[in-house]
Amino acid sequence: MIDELTRADVAVRPCLDASAWAMSDQELVDALDAVHVLEQRLAAVKLALVREIDGRGTAVAQGASSTAVWLRERLRLSITGARRLITDALAMDAAAPVLRAALAAGTVTLEQTRVIAEAVAAIPVAAGTEAPEQATHLLIESAAQFEPAILRRLGARILAHVAPHLAEAAERPRWKRRRHTASGTGSSPSPTSRTAGSGSPAASTPKLARCLTLPSHP
């Protein structure tokens, strides 16, 4: 791996001296897209390395009190940043292979993978073994259109799509409170499962966004 990273470093160096002002608008956009993809791929490599260092206890073996403290000193990070790096590394190690592959391919950002991993981890075991996989695929698809904040809102309601019966049961107490509050208005809120529908896990991103009643991306 060291040889490959060295070659990558050598390949990138000429870009530092490139004259951005001489590039066309399309060339600037294409170059930015390429750099962004490379950033995500390198993030995937970095997380894998951090996970292995933490798992082996390398930091403690070198005299540090913890991996976070070692990363802070080695990479000159804040302790918060070091802990975030370890959390991301552990989350990616536990994530579905398809999510790790998406980050490695640069099709999702590191921030989006955090959101997806958290949303999938929150799916109850009662939803079944297929629900996390379905949710992961749907959210990766959604990541092509939505930034992390909106993606988090999708993730928070993904259960209504992959396991609507559980989402309905979880929402029932809230519906009862809303019905009680709205009893004098003659209106009654609709259950999440009715709003979400029972679309196929292979539904398109726009359909997923509509069924979860999210606003369109600006």
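The values are calculated or read from the model by the stated rules, or taken from the named source; none is laboratory data. From a predicted model like this one, the values you see are computed outputs, not experimental measurements. No Cβ is skipped: glycine too gets one built from the backbone with ideal geometry, and neighbour counts run over all protein chains shown.
Please return the ranges of helices (runs of 4 or more DSSP H) entirely within region 1-91 where 3 or more residues are closer than 19 Å to residue 110 by Cβ, out of contact with any strand residue (DSSP E or B) (no Cβ under 8 Å at 6 or more places or on another chain) and among the charged types (D, E, K, R).
Where helices (runs of 4 or more DSSP H) fall fully within region 1-91 and carry at least 3 residues being closer than 19 Å to residue 110 by Cβ, out of contact with any strand residue (DSSP E or B) (no Cβ under 8 Å at 6 or more places or on another chain) and among the charged types (D, E, K, R), they are 25-56.
Quick one: in region 89-120, of everything that is aliphatic (A, V, I, L, M) and either in contact with a Pro (Cβ under 9 Å, 6 or more places away or on another chain) or without any contact (Cβ under 8 Å) to a residue 12 or more places away in the chain (or both), which residue is surrounded by the most Cβ atoms within 10 Å (Cβ to Cβ)? Break it down stepwise before answering.
Restricting attention to region 89-120, the residues satisfying the condition of being aliphatic (A, V, I, L, M) are 89-92, 94-96, 98-99, 101-105, 108, 110, 115-117, 119-120.
Within this subset, residues satisfying the condition of being either in contact with a Pro (Cβ under 9 Å, 6 or more places away or on another chain) or without any contact (Cβ under 8 Å) to a residue 12 or more places away in the chain (or both) are 96, 101, 115, 120.
Numbers: 96: 17, 101: 14, 115: 25, 120: 23.
Within region 89-120, the match that is surrounded by the most Cβ atoms within 10 Å (Cβ to Cβ) is 115.
Filter region 153-167 for residues that are surrounded by 19 or more Cβ atoms within 10 Å (Cβ to Cβ) and in a helix (DSSP H, G or I); which is modelled with the lowest pLDDT?
The selected residue is 167.
Listed residues 118, 171, 130; which is of a type in the set (D, E, K, R), more than 30 Å from residue 67 (Cα to Cα) and at pLDDT 85 or above?
130
Which count do you get for residues in region 141-151 that are surrounded by 22 or more Cβ atoms within 10 Å (Cβ to Cβ) and either under 16 Å from residue 96 (Cα atoms) or free of Cβ contacts under 8 Å to residues at least 60 places away in the same chain (or both)?
Going through region 141-151 one residue at a time, the tally reaches 2.
Condition test on residue 98, is it under 30 Å from residue 146 (Cβ atoms), of a type in the set (A, V, I, L, M), in a helix (DSSP H, G or I) and in contact with a His (Cβ under 8 Å, 6 or more places away or on another chain)?
Yes, satisfied.
Is there a residue in region 13-26 that is surrounded by fewer than 17 Cβ atoms within 10 Å (Cβ to Cβ), of a type outside the set (S, T, N, Q) and under 27 Å from the mean Cα position of the chain (by Cα)? Can you show your working first?
Of all residues in region 13-26, those surrounded by fewer than 17 Cβ atoms within 10 Å (Cβ to Cβ) come to 13-26.
Subset that is of a type outside the set (S, T, N, Q): 13-18, 20-23, 25.
From what is left, the residues that are under 27 Å from the mean Cα position of the chain (by Cα) are none.
No.
Pairs only if they're at least six apart or on different chains, beta carbon under 6 angstrom, first in region 8-27 and farther than 23 Å from residue 41 by Cα, second among the charged types (D, E, K, R) and in a helix (DSSP H, G or I); list them, first residue then second.
none
Return the only residue of 37, 60 being more than 25 Å from residue 148 (Cα to Cα) and surrounded by 13 or more Cβ atoms within 10 Å (Cβ to Cβ).
That would be 60, the only listed residue that is more than 25 Å from residue 148 (Cα to Cα) and surrounded by 13 or more Cβ atoms within 10 Å (Cβ to Cβ).
Considering (1) surrounded by fewer than 19 Cβ atoms within 10 Å (Cβ to Cβ); (2) assigned to a loop (DSSP other than H, G, I, E, B), say which one residue 123 fails and leave the rest.
Just one mismatch for residue 123, condition (1).
Could you list, in sequence order, the residues of region 121-140 that are hydroxyl-bearing (Ser, Thr, Tyr) and either free of Cβ contacts under 8 Å to residues at least 40 places away in the same chain or more than 20 Å from residue 90 (Cβ to Cβ) (or both)?
Within region 121-140, just 129 meets the criteria.
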